[in-house]
1. State the number of residues belonging to region 77-91 that are under 15 Å from Arg126 (Cβ atoms) and out of contact with any strand residue (DSSP E or B) (no Cβ under 9 Å at 6 or more places or on another chain).
2. Going through Ala22, Ala67 one at a time, which residue ends up being part of a helix (DSSP H, G or I), touching a helix residue (DSSP H, G or I) at 6+ places or on another chain (Cβ under 9 Å) and more than 19 Å from Val103 (Cα to Cα)?
3. Could you check Thr50 against (1) modelled with pLDDT under 95; (2) buried (at least 17 other Cβ atoms within 10 Å of the Cβ); (3) in contact with a Phe, Trp or Tyr (Cβ under 9 Å, 6 or more places away or on another chain) and say which number it fails?
4. Condition first: surrounded by 15 or more Cβ atoms within 10 Å (Cβ to Cβ) and outside any loop (DSSP other than H, G, I, E, B). Now tell me which residues in region 107-137 satisfy that.
5. Is region 52-71 home to any residue that is touching a residue at least 60 places away in the same chain (Cβ under 8 Å), farther than 16 Å from Ala22 by Cα and of a type outside the set (Gly, Ala, Ser)?
6. Determine if region 79-97 includes at least one residue that is part of a loop (DSSP other than H, G, I, E, B), in contact with a Gly (Cβ under 7 Å, 6 or more places away or on another chain) and buried (at least 19 other Cβ atoms within 10 Å of the Cβ).
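The values are calculated or read from the model by the stated rules, or taken from the named source; none is laboratory data. From a predicted model like this one, the values you see are computed outputs, not experimental measurements. Here the Cβ positions follow ideal geometry from the backbone for every residue, glycine too, while neighbour counts run over all protein chains shown.
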Amino acid sequence: MKDGVDYLDPRVRDALHDATEARDVAYAPYSKFTMGAAVVTDRNAVVRGTIVENVSLGLAMCAERVALFATVANAAGRPEVLALSSRMTGGRLTWPCGACLQVAMELGGPDMVVAVTDGTRVAQNRLSDLAPFLPHK
């Protein structure tokens, strides 16, 4: 991440760094589309996740959900930031899929910050702006 990170909240900036490091250990032998994620909680815990593919596609898991589920499994607190690092898709930064956004809404709520990077460009948004009509508690 070279451009555009100076303006970011330090927690978001650090989460993007952690997501990029998690991307380096991704298990994506089929698609070669490596992704890493990091969650920052209300306790300032950082939990990483990475994509884990499987020859049976339905058994694969997105990096974001790995990080979110690990946050729960480790009793790390309520997610407040979700960061994602991957290459661009279709000429744009890659944002979480609908399933990952729904899990983020359930665990973190509409005020969660979602930040994405391709290693150079950075963007962020509130979850409620990305998916305003997702059901939540």
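1. Selection size over region 77-91: 0.
2. On the way: Ala67 fails: more than 19 Å from Val103 (Cα to Cα).
The conditions single out Ala22.
3. Here Thr50 meets the rest and fails (1).
4. Within region 107-137, Leu107, Gly108, Val113, Val114, Ala115, Val116, Thr117, Val122, Gln124, Leu127, Ser128, Leu130 qualify.
5. no
6. Taking region 79-97 as the starting set, the residues that turn out to be part of a loop (DSSP other than H, G, I, E, B) are 87-88, 90-91, 93-97.
Then keep just the ones that are in contact with a Gly (Cβ under 7 Å, 6 or more places away or on another chain); that gives none.
Checked against the condition, which is being part of a loop (DSSP other than H, G, I, E, B), in contact with a Gly (Cβ under 7 Å, 6 or more places away or on another chain) and buried (at least 19 other Cβ atoms within 10 Å of the Cβ), region 79-97 yields no hits at all.
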